[in-house]
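First the structure, in the form of structure tokens, and then the observations on it.
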Amino acid sequence: QQAAIASGDLDISFQVLSRSDWSKNQYQILGSEELILIIPAIHPIAQKAAPPGEPLATLDLSEIRYEPFVLMDKTSTLRSSCDLLFEKAGFAPNILFETNNTSGIAAMVQSTLCCGIIPRYYTLGLTEGVACFSLPERPSWEIVISCQKNAYLNSGAREFIRLAREYWENSAPLF
């Protein structure tokens, strides 16, 4: 979508991006979503997790550096965010599996096969089999509206953006 915006083939788009993935397009942030580390509930480190209903405990990635991970495929925005997190933590993850399905990551962690990093929204329905942690740097990605920098947007596109912003601001937070 970013390339289509830049070339003028697309007037506006809604995307979920980390700031490191932004290009020369123009972005308006609608909201932000934290990326959450999930590990199997049977893992000894899971004891460090906060009780249900409490704010998430924080866990450094280095504490599970030798564990296997399931991650999104290399072409996804989530994967580029995760790769940066592992780089900052100073190790390359042991990747058991790659997928293009965020729910699949959660299911594999629930099956006690590995650890994963997923957007906060996907942790809301996880009640069993996983322990969820914030990461120290509280990584997140933004839900954005994107358009070509300095491009003319007709009144319909501007109104659509206004309605989307209004809807987002007036909706109950998802995460």
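The values are calculated or read from the model by the stated rules, or taken from the named source; none is laboratory data. What you are looking at is a predicted structure, and each value in this text was computed from that prediction instead of being measured. With ideal geometry, Cβ positions are generated from the backbone for all residues, glycine too; neighbour counts draw on all protein chains shown. The accessibility values were calculated without ligands, DNA or RNA, using every heavy atom of the protein model including side chains. Shrake-Rupley method; radii C 1.70, N 1.55, O 1.52, S 1.80 Å.
Details
- Selection count where residues are open to solvent by 50 Å² or more (accessible area, probe 1.4 Å) and either touching a residue at least 40 places away in the same chain (Cβ under 8 Å) or in contact with a strand residue (DSSP E or B) (Cβ under 9 Å, 6 or more places away or on another chain) (or both), scope the stretch 140-153: 3
- Subset of the stretch 36-88 (residues that are under 21 Å from ALA107 (Cβ atoms), polar (S, T, N, Q) and not in a loop (DSSP other than H, G, I, E, B)): THR77, SER81
- Among the conditions (1) within 20 Å of ARG138 (Cα to Cα); (2) part of a helix (DSSP H, G or I); (3) out of contact with any helix residue (DSSP H, G or I) (no Cβ under 8 Å at 6 or more places or on another chain), SER20 misses just one, which is (3).
- Residue satisfying all of: in the stretch 61-78; under 17 Å from the mean Cα position of the chain (by Cα) and open to solvent by 10 Å² or more (accessible area, probe 1.4 Å); modelled with the lowest pLDDT among these: THR77
- Yes/no for GLU54 being modelled with pLDDT of 85 or more, closer than 26 Å to GLY90 by Cβ and surrounded by fewer than 17 Cβ atoms within 10 Å (Cβ to Cβ): no
- Flag for GLU137 being at pLDDT 90 or above and either closer than 20 Å to ALA46 by Cα or loosely packed, with under 13 Cβ neighbours inside 10 Å (or both): yes
- Only one of GLU87, GLU34 that is at pLDDT 90 or above and within 15 Å of the chain's Cα centre (by Cα): GLU34
- For the residues GLN28, GLN15, the requirement of being modelled with pLDDT under 95, open to solvent by 40 Å² or more (accessible area, probe 1.4 Å) and in a strand (DSSP E or B) singles out GLN28.
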